[in-house]
2 protein chains.
Amino acid sequence: MQNDHFLKACRREEVEYTPVWLMRQAGRYMPEYMEIRNKYDFLTMCKTPELAAEVTLQPVNRLGVDAAILFADILLPLEGMGIDLAFAKNEGPVISNPVRTGEDVENIRILDAEEATPYVMEAIRLIRRELDGRAPLIGFSGAPFTIASYIIEGGGSMEYKNCKKMMWQAPEIWDALMEKISEVLLRYLKAQIKAGAQAVQMFDSWVGALSPDDYETYVLPYSKYVLSGLKGEGVPVIHFANNASSMLELVVQAGGDVIGVDWRINLDEAWKRIGYDRAIQGNLDPFTLYAPPQLIAEKVKRILQMAGNRPGHIFNLGHGINKETPVENVIALVEAVHEYSRR
Amino acid sequence: MQNDHFLKACRREEVEYTPVWLMRQAGRYMPEYMEIRNKYDFLTMCKTPELAAEVTLQPVNRLGVDAAILFADILLPLEGMGIDLAFAKNEGPVISNPVRTGEDVENIRILDAEEATPYVMEAIRLIRRELDGRAPLIGFSGAPFTIASYIIEGGGSMEYKNCKKMMWQAPEIWDALMEKISEVLLRYLKAQIKAGAQAVQMFDSWVGALSPDDYETYVLPYSKYVLSGLKGEGVPVIHFANNASSMLELVVQAGGDVIGVDWRINLDEAWKRIGYDRAIQGNLDPFTLYAPPQLIAEKVKRILQMAGNRPGHIFNLGHGINKETPVENVIALVEAVHEYSRR
């Protein structure tokens, strides 16, 4: 491994500089990505290991980030579960057979991940070969709540109304669904690790829609099932719960060696609440990348300052990078993180 | 005043039971509201004092809530500023001349509120006469950031990209805009109080898009200008910043006799951080109203428990009521709050 800063930081070991990678770094703001994207639809890219590998490597080559993250979508495991997945022209997911009843839940299949998503595992093996130790590879999945929200709502949502209705009106159906989803996700992440992922991140993108009490009752046990199940797999596990900074203590209870935080909370306060026995990842507002370089640099310094020189900080955005972000600003960000954090 | 529980709670005085009202209570979930709404478009309803008065009183009559809130829209002051406001068929606001440049900001007018929005003041006078002391009337406005976000983005937004771009790329234009908006909002709220509003609420609906640092630099001074300017007007001021529970301390710094909190934080923790020298309003997830009555009752009890018997809690939802909420559940909620909180 030529660059192990990311993995060291995950384990809270001393590093020469703070490692940085960006959520959705393999993505639409890069011309070289769009060149491929214009030829293939999104799902085809996900399902073709050579294409997935190519766009996974682009940001490593272009930006100098300290980790690669698999190009994939959190909803890829749905097809193996018997749930139809399509992406509309604007790339928003559409599920034509949303899960609403006990019978719908019974019909969900639990396959082995190599059988359900062989192309993901093949992509990981290919990426590892092509990376050849230049940077570690992060695998990922959605978290049970986030996956449930898509499956129940039939796509993206603003309100999660059907999701909450099921939780509160039919908790036994909710529990049965969450059990199945958790099992699928645990198998999916284990398979990614077996295929070569050197760290994994679980994205709970939409759990910020819940109150702390509801999170604790209806979600935490399932997130914990997945995260606990990964102990002993030998790779660091990152748990990112978006818009959940007012219930960080519960997020930590669910697990994760590294806790991801969005930009709605100061990093020093977040880390204090998380506890210094975990590493932390974050937390720049992704839209900061539209600011002038000097302001980006100031904001980078501020976050590094809040992290102190305590080992265990991985610099990242507080959410996925915006699709129109200027690439030169992203490069400036990566350089700024490396420069200002050098010990 | 026959029912002054709400005003007493705002002043942290002892009450017989916890008062309750609901954000967007004058609204689309009520058949009697829809009967009027089907005859008139939304802006016509806002601009016709008799109609605004009628729908303002509906929830007081039907639900037994402890306060009325003026039927209006936070964007009504825009027209007087020279900004075009229309509502698309789904009721989403559309601004055809969004503010993006220094010249756009210069062109913004600051009128007196009686001149810009006479119908709002007339509605308040009419509602006060019709309420005849049965419940106090709350007036309201948007907060500077939230209003700026609509004006800059040209409508609702998910990302606030143009807003953030202006803040960071052209802070002098941002400041000039926020100064003008703050002045308009202060005059608007003062005029509402003069017309008869017995309390006012400032809604910062979208400020949760910002980091604490950006809130402090670009927003707090303007929210503070409005809220400080209302001191001495003799009515309680409620400050509700949605999705801002990780920066409550800054929200408190901006001001308000009562701090509104959404459902993403436990009320006891929120109040502790706010300080017991302020009253608190909240904080039930609006979608809880889709839960079975027994679960609604449990969640009400839990919030009342977290408030303790400390004077100064006003029960409310953590955000506006959903338009398809069953009215019988809303009635059950109001009854549950009164019943379980009776001293």
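Every number in this text was worked out from the coordinates using simple rules, so none of it is lab data. Every value quoted in this text rests on a predicted model; they were computed, and no experiment measured them. Cβ sites come from the backbone with ideal geometry, for glycine too, and all protein chains shown count toward neighbours.
Of note:
- Percent antiparallel among DSSP beta bridges (both partners in chain A, rounded to 5): 10
- Virtual spin-label span in nm between residue B:176 and residue A:328, 7 Å along Cα→Cβ: 2.6
- Between residue B:115 and residue B:169, full extension at 0.36 nm per residue minus the direct alpha carbon distance yields a gain of 16.0 nm.
- Among the listed pairs A:180/A:272; A:47/A:194; B:272/B:301; A:190/B:164; A:224/A:299; B:161/B:299, those whose Cα-Cα separation exceeds 29 Å are A:180/A:272; A:190/B:164; A:224/A:299; B:161/B:299.
- With each label modelled as a point 7 angstrom along the Cα→C-beta vector, the residue B:106-residue A:268 pair spans 4.2 nm.
- The 3J(HN,Hα) values that the Karplus relation (6.51, -1.76, 1.60; θ = phi - 60°) gives for region A:126-136 are, in residue order, 5, 4, 4, 5, 6, 5, 6, x, 5, 7, x Hz. Gly and Pro appear as x.
- Taking 0.36 nm per residue of separation and subtracting the current Cα-Cα distance, fully stretching the chain between residue A:32 and residue A:276 would add 83.9 nm.
- Shielding by other protein chains, B:262-274, mean Cβ within 10 Å: 3
- Rounded to the nearest 20 debye, the dipole magnitude of region B:1-119 is 420 debye, with +1 charges on Lys and Arg beta carbons, -1 on Asp and Glu beta carbons, and the Cα centre as origin.
- Principal axis box of the protein assembly as shown, alpha-carbon based, largest edge first, Å: 78, 57, 45
- Kirkwood Rh and Cα Rg combined as Rg over Rh, evaluated for region B:42-279: 0.95
- Positive dipole terminus of region A:5-341, leading residue within A:225, A:258, A:27 (C-beta point charges): A:258
- Charge-dipole axis of the protein assembly as shown as Lys and Arg at +1 and Asp and Glu at -1 on Cβ define it, positive-most pick from A:169, B:1, A:140: B:1
- Note on A:234-245: average number of Cβ atoms from other chains within 10 Å of each residue's Cβ is 1.
- Per-residue ellipticity at 222 nm, computed for chain A from helices alone with -39500 (n - 2.57) per DSSP H run of at least four residues, works out to -13500 deg cm²/dmol.
- At R0 = 56 Å, FRET efficiency that the Cβ-Cβ distance of residue A:1 and residue A:158 yields, to 0.05: 0.85
- Virtual paramagnetic centre 7 Å along Cα→Cβ of residue A:90, amide N under 16 Å, in region B:77-116: B:88-94
- When the alpha carbon gyration tensor of region B:1-91 is reduced to an equivalent ellipsoid, its three semi-axes come out at 29, 17, 10 angstrom, largest first.
- Fraction of antiparallel bridges per DSSP, the protein assembly as shown only, in percent to nearest 5: 10
- Residue and distance (whole Å) for the chain B Cβ nearest the axis that superposes B on A: B:246, 3
- Shielding by other protein chains, A:206-214, mean Cβ within 10 Å: 5
- Charge dipole magnitude, Cβ of K and R +1, D and E -1 - chain B, Cα centre, debye nearest 20: 640
- Across chain B, C-alpha contacts under 8 Å between residues 6 or more apart give a mean separation that, scaled by the residue count, equals a relative contact order of 22 percent.
- Applying both filters, DSSP loop and at most 11 other Cβ atoms within 10 Å, to the chymotrypsin sites (Phe, Trp or Tyr not before Pro) of region A:111-156 eliminates every site.
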